[in-house]
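Remarks on the structure that follows.
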Amino acid sequence: MTKSIDYLIQPGGKLTGRIRVPGDKSISHRSVMLGSLAEGETRVTGLLEGEDVLSTLGAFRAMGVRAEGPVQGKLVIQGAGLHGLKAPAKPLDMGNSGTAMRLMAGILAGQSFDSELIGDESLSKRPMKRVSEPLGRMGAVIETAEGGRPPLRIRGGHKLRGIEYPMPVASAQVKSSLLLAGLYAEGETSVTEPAPTRDHTERMLRGFDYGVKTGGARISLRGGGRLKACSIDVPADISSATFFLVGASIAAGSDLLLEHVGINPTRIGVLNILRLMGANLELLNTREVGGEPVADIRVRAAQLRGIRIPEDQVPLAIDEFPALFIAAACASGETVLTGAHELRVKESDRIAVMAQGLKWLGIDARETPDGIIIKGGRLQGGEIDSHGDHRIAMSFAMAGLVAAGSIKVRDCKNVDTSFPGFVELARHAGLTLEAK
Ligand code: S3P
């Protein structure tokens, strides 16, 4: 059993200077996956060396893929080709990562060998039927535990055929899982999204010279092609930058520059929402790097106001709500979120866990079935349980900047899944944070 880690944050301080947060988690997973399935050598820079991405890399290594690194974000993968993976000797452990499990399910459904995907306690509770059911329609044979939960036992050697799939939930993971299975399917695989979700899979497939058609909400590809190795420069993760965008917005006197942040239009809900709340954000040096838009973001402290969050922004900010709830707690007036039921099936039930934590810190936060109502107020000091959820832990760490007393956040070990080095970087920027 690894030792648990708690954060202790002292109030006061501001966030200043220039920092670069680690690489984008979604893009990092996909670069390992497509690089492993490509023909030739794929060179990745800026890779997130978080535990989630290392789970994905470990899975491909267990299936015979050779890769050097990662060292300081550099990874060189010798692609095995779409049909070059070997049967793994044991179950593939996806750790805490829903993205890894759902996307790998799509890839493994197309293999000639059997495989099994397992995960940690949190992942073992998360819904997998959303991928096993449509993959089954494509001809995959996947057995889940009760209630459609992990582990997933995937039978190899079943021929896949393309399907036309209207997605019931706006989920990039479901879309990506089906598109990856579609690489192995006969004919065309298409998904239609109820609302736009992150499009990194489509962009990266094109970067690997694989044809993907996008027409409105419908995305499709044909099986039977090949992926051609390429170079990938992973931008800094806007989801990780979010903690600093919120921290600097709420802490008086802050002026912080976040370098090289990915600002893909399907990921910038957090910028749109913070701006509606009155945040002072400036996008500088906007450029395109390897098919993904990137900018430096300058954020200065501002008086935030409560808003009704537009529902069309929800899928575009889906991972950013724990931090946005801290912003709402510091805003004047009420913030109302609706249409965000998906938050209940993330690494924790983020509506329940955040509402509970905010209440412990003296904030009026009321859960609704698909959202929350938060009345801005004065955050008190206190003790919070992150429920092992990395984003909850980092969000409450930022709350510590402006609380009336010190905040202790329990169970922060999983911050390493998405943001290795968070403590050092946050301290460097001005947060008085101790990890023990
Ligand atoms: C991700 C998609 C999102 C997000 C997750 C990463 C991805 O999940 O919450 O952290 O990389 O495709 P859903 O697609 O389930 O909303």
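Just one of the numbered conditions (1) surrounded by 22 or more Cβ atoms within 10 Å (Cβ to Cβ); (2) of a type in the set (A, V, I, L, M, F, W, C); (3) not assigned by TED's automatic domain parsing to the domain that holds residue 341 is not true of residue 15: (3). For the stretch 135-149, the tally of residues that are in contact with a helix residue (DSSP H, G or I) (Cβ under 7 Å, 6 or more places away or on another chain) and surrounded by fewer than 23 Cβ atoms within 10 Å (Cβ to Cβ) stands at 4. The set of residues in the stretch 19-78 that are over 22 Å from residue 426 (Cβ atoms), basic (Lys, Arg) and not in a strand (DSSP E or B) comprises 30, 61.
Exactly one residue out of 59, 67 is within 16 Å of the ligand (Cβ to nearest atom), modelled with pLDDT of 95 or more and not assigned by TED's automatic domain parsing to the domain that holds residue 416: that is 59. Going by the conditions given, is residue 161 within 28 Å of residue 218 (Cβ to Cβ), within 14 Å of the ligand (Cβ to nearest atom), surrounded by fewer than 21 Cβ atoms within 10 Å (Cβ to Cβ) and assigned by TED's automatic domain parsing to the domain that holds residue 50? No, not satisfied. Just so you know, in the stretch 169-218 the residues that are away from the ligand (no atom under 13 Å from the Cβ) and among the β-branched types (Val, Ile, Thr) include one that is surrounded by the most Cβ atoms within 10 Å (Cβ to Cβ), and it is 189. Quick check, is residue 336 under 16 Å from residue 269 (Cβ atoms) and either surrounded by 24 or more Cβ atoms within 10 Å (Cβ to Cβ) or not small (Gly, Ala, Ser) (or both)? When the stated conditions are applied, residue 336 passes them. In summary, residue 359 fulfils each of the numbered conditions (1) surrounded by fewer than 24 Cβ atoms within 10 Å (Cβ to Cβ); (2) in contact with a helix residue (DSSP H, G or I) (Cβ under 9 Å, 6 or more places away or on another chain); (3) not aliphatic (A, V, I, L, M) with the single exception of condition (2). One residue stands out in the stretch 309-327 among those that are of a type in the set (D, E, K, R) and within 12 Å of the ligand (Cβ to nearest atom): the one that is farthest from the chain's Cα centre (by Cα), namely 320.
Consider the stretch 328-357 and keep the residues that are within 15 Å of the ligand (Cβ to nearest atom), in a loop (DSSP other than H, G, I, E, B) and of a type outside the set (D, E, K, R). The one that is nearest to residue 125 (Cα to Cα) is 348. For the stretch 144-152, the criterion of being away from the ligand (no atom under 16 Å from the Cβ), touching an Asp or Glu at 6+ places or on another chain (Cβ under 9 Å) and in the same structural domain as residue 49 (by TED's automatic domain parsing) is met by at least one residue. Across the stretch 220-241, the qualifying residues are those that are assigned to a helix (DSSP H, G or I) and of a type in the set (S, T, N, Q), and the one among them that is surrounded by the fewest Cβ atoms within 10 Å (Cβ to Cβ) is 239.
For the stretch 67-84, the condition holds for at least one residue, the condition being that it is among the basic types (Lys, Arg) and surrounded by fewer than 17 Cβ atoms within 10 Å (Cβ to Cβ).
The values are calculated or read from the model by the stated rules, or taken from the named source; none is laboratory data. Quantities reported herein were computed from a predicted structural model and do not represent experimental measurements. Please note: Cβ atoms are built from the backbone with ideal geometry, for glycine as well, and neighbour counts cover all protein chains shown.
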